[in-house]
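Since the structure comes first, as structure tokens, the remarks are kept for the end.
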Amino acid sequence: MQLEEAIFSASSASERSVLCAREPFSPDAEARIVEFTAEWAVPEDVKQEGFSYFLGREEVVALLAERVAKSLPKSRQVALLIYYATNDAYPSWYNELAGAR
């Protein structure tokens, strides 16, 4: 599955789910939705296959539910989540949109 597909499938995954993808993160990067371990970590076999933590299911759902994010086209929603996952912050263009509303 590609990262874009995983992002929009996250809401139907279990609450213990996490999105993992191959870096560099991009919409077409190979991705997986997996369950956290009992210690709330990415399973070791997933990491050994070259996947990195992207975002937890709850974070993806919460970010996509924001008023401004909901109004964006899917490609911009994906760009928002990739930026957020990479930088642990919102991109400036998103902050400008949020401030304009």
Exercise. Output the relative contact order of segment 3-100, whole-number percent, from Cα pairs under 8 angstrom with separation of 6+ residues.
Key: 26 percent
Self-check item: Cα→Cβ-extended label distance, 7 Å offset, between Arg16 and Ala38, nm
Solution: 1.0 nm
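Listing Arg57, Arg76 from the residue with the fewest other Cβ atoms within 10 Å to the one with the most, what is the order? Write out the running numbers ahead of the final one.
Working: Arg57 22, Arg76 15.
Going from least to most buried by this count: Arg76, Arg57.
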Practice problem: Would you mind listing how long the chain runs along its three principal axes, going by Cα atoms, in whole Å with the largest first? | Solution: 44, 25, 21
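Among Trp40, Trp93, which comes first, second and so on when ranked by fewest other beta-carbon atoms within 10 Å? Mind dumping the intermediate values first?
On the way: Trp40 9, Trp93 12.
With the fewest neighbours first, Trp40, Trp93 line up as Trp40, Trp93.
Would you order Ser12, Ser26, Ser17 from fewest to most other beta-carbon atoms within 10 Å of each residue's own beta-carbon? Show your work: numbers first, answer last.
Values: Ser12 9, Ser26 15, Ser17 21.
The order, fewest Cβ neighbours first, is Ser12, Ser26, Ser17.
Read the figures in this text as sums done on the coordinates, not as results from a lab. Computed from a prediction, not measured in an experiment: that's the story for all the values here. Backbone-built Cβ (ideal geometry, glycine too); neighbour counts: all protein chains shown.
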